[in-house]
Each structure stands twice: as C-alpha cells, then as structure tokens.
Amino acid sequence: MKSTPDEGLYQILLNTIPLSVLLVARNLRVVLANRNFLEKGLRTEEETIGRRLQEVFPPPILDNTEIIRRIQDVFETSKPTQGEKMTYRAPGGLMRTYYYHILPLGSWEAVETVVLLMEDVTEQVRLSEDVRRMERHLAIVVESTSEILLSTDPRGRILSWNKSAERISGYSAQEVENRFFFEFCGREQQDEVRRMLVEWREEPSSRTTEWNFVEKSGRVIPIVWTCSPMLDERARLVGIVAVGRDLTEHRKLEAQ
C-alpha cells in the first residue's frame, strides 16, 4: 500500500529521532519500527513489521524484563510506564544497555496502539563504570601512599585527610573535618599559611614550601608541602590539594 505524504513525513521524523521506536498494536504485533531500532537490532523491516514481539525480541529479554506484561498493562490502564532498564545483545552484535518507556496512543477509553521508546545508554553506563573504577583506584593510591595527602576548600577548611595524615598527626579524619589547615601548622607559620590562602584565591598556582606540622601530642614535625589549586571549568578556585613529606629522617641525616 502506497504511503500518504503525511505518513512519509512521520517516517522521516521517526528516523531522525536518536531513540529506538516501536509502534505496537493490541495483538502485540509491530506496526512500525524506526531506522534506529532496525540498525541497533541488526534487523530489516521485513523481519520486524507485522511480526509479534516474541519474534522480534530474543527470549532472554522477554524472560527478564516482563516487557510483554508491561505493554499489556498500558493497553489495560491507559497509563505510561516509568523508565525500565534492559540489556540486549543483537545476534552478532555487541551487548547494549537501554532504558525504555511505554506510552499509550489513542483515546482514554480505548488505547489502540502503544509506543515503545528505547534509549541506548550503553556508553553512559560504560563511562560511569570507568569513572567508578578510576575512583576506586585513586582511593587506593591515596590511602596507600606514605605521604600526607589532604584537601581543603578555598578558605582552607579541611575536606579530606588520608591514612598517612592520621598516622603522622594522631588526628582522625573525623577530628579534623571542617577545621582550618593552618591550625595544624607551627604557631609561628600560621599567619604565613593564612596569607598564602588569600593569595591562592586571587592567583591560583602550585607552590612548594616548608611548614611545621603539629601532632596531637604537641610534637612538631618538619614537613615539605607541595600545594596545588583545584579549579573548576571556569578556572575558579574550588579547593587546594596539599601533599606533605616528613623531613624528620632527612634532618637527622643532615645533623649526622
């Protein structure tokens, strides 16, 4: 049957949508499938249009997502579904992850067809997994280093405090949270630390300097600090990362 100009326009619009779209009738046969769905599923129109969903989707999807029951619920209730997650591997293709929605079409009393919208979120899921993996790796590095590693907000309030900082200072991360970094420096150097924090807010730059570190017991430890600014996408200072190396053994060797 020859399509009307309006139908041709609808098909063009559907093919430009960056989502997989299926139009499904009450008998669970596919009425329409856009290009995105066919390409992602490695299917042709002949293999899809007019076929029942059980012929279009592989058994693992039908068994694990209850997508058939959810489509039937939309026909019965005339209410759209919330987003659901679906993992799908087309024959000969790669594993892909989708979020899908089912929307009713037709009058409130009688839904004639439903639209199945599937958004491919494979790359977002993979990226989030990579980010979590990098975060875990970074956390291991931070906690396993023998050097003090801490971060502060732009005003110098402590945000993070690694295991070496706890071991060397005697203060736990909970004890120092939201306290100012300069409180743990030698009394004679606290003004210098405060002044440098003001300078960082005006002109962020990496600096290396020596400030004494005062333990919980009161013992003073010589520390060489490398401090680097953390900047946002607009180059505004959002925090400071400080890495401190204990110079005690080095000073002993110098004395010898």
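The values are calculated or read from the model by the stated rules, or taken from the named source; none is laboratory data. As the structure is a prediction and not an experimental result, all values here were calculated from the model. Glycine also receives a Cβ, built like all others from the backbone with ideal geometry; neighbour counts cover every protein chain displayed. Each accessible area value is taken on the protein alone, full model and side chains, heavy atoms only, with ligands, DNA and RNA left out. Shrake-Rupley method; radii C 1.70, N 1.55, O 1.52, S 1.80 Å.
Restricting LEU42, LEU13, LEU38 to residues that are modelled with pLDDT of 80 or more and outside any loop (DSSP other than H, G, I, E, B) narrows the list to LEU38. Restricting segment 57-77 to residues that are outside any helix (DSSP H, G or I) and either touching a residue at least 40 places away in the same chain (Cβ under 8 Å) or under 21 Å from ARG43 (Cα atoms) (or both), the residue that is most open to solvent (accessible area, probe 1.4 Å) is PRO58. Scoring ARG187 on the criteria (1) of a type outside the set (A, V, I, L, M, F, W, C); (2) within 27 Å of ILE140 (Cα to Cα); (3) open to solvent by 80 Å² or more (accessible area, probe 1.4 Å) leaves a single failure, condition (2).
When segment 12-37 is examined, which residues are found to be touching a Ser or Thr at 6+ places or on another chain (Cβ under 9 Å), over 18 Å from ILE102 (Cα atoms) and either among the hydrophobic types (A, V, I, L, M, F, W, C) or free of Cβ contacts under 8 Å to residues at least 12 places away in the same chain (or both)? Those that are touching a Ser or Thr at 6+ places or on another chain (Cβ under 9 Å), over 18 Å from ILE102 (Cα atoms) and either among the hydrophobic types (A, V, I, L, M, F, W, C) or free of Cβ contacts under 8 Å to residues at least 12 places away in the same chain (or both): none in segment 12-37. For the criterion of being surrounded by 13 or more Cβ atoms within 10 Å (Cβ to Cβ), under 30 Å from VAL31 (Cβ atoms), modelled with pLDDT under 85 and out of contact with any helix residue (DSSP H, G or I) (no Cβ under 6 Å at 6 or more places or on another chain), GLU84 passes. Scanning segment 196-215 for residues that are more than 15 Å from ALA242 (Cα to Cα) and either touching a Cys at 6+ places or on another chain (Cβ under 9 Å) or at pLDDT 90 or above (or both) returns VAL214, GLU215. Restricted to segment 215-230, and to residues there that are farther than 14 Å from VAL193 by Cα and in contact (Cβ under 8 Å) with a residue 24 or more places away in the chain, the residue that is least open to solvent (accessible area, probe 1.4 Å) is ILE221. Restrict the check to segment 231-242 and report whether at least one residue is out of contact with any strand residue (DSSP E or B) (no Cβ under 7 Å at 6 or more places or on another chain), at pLDDT below 90, surrounded by fewer than 17 Cβ atoms within 10 Å (Cβ to Cβ) and of a type in the set (Lys, Arg). Among the residues of segment 231-242, at least one is out of contact with any strand residue (DSSP E or B) (no Cβ under 7 Å at 6 or more places or on another chain), at pLDDT below 90, surrounded by fewer than 17 Cβ atoms within 10 Å (Cβ to Cβ) and of a type in the set (Lys, Arg), which makes the answer yes.
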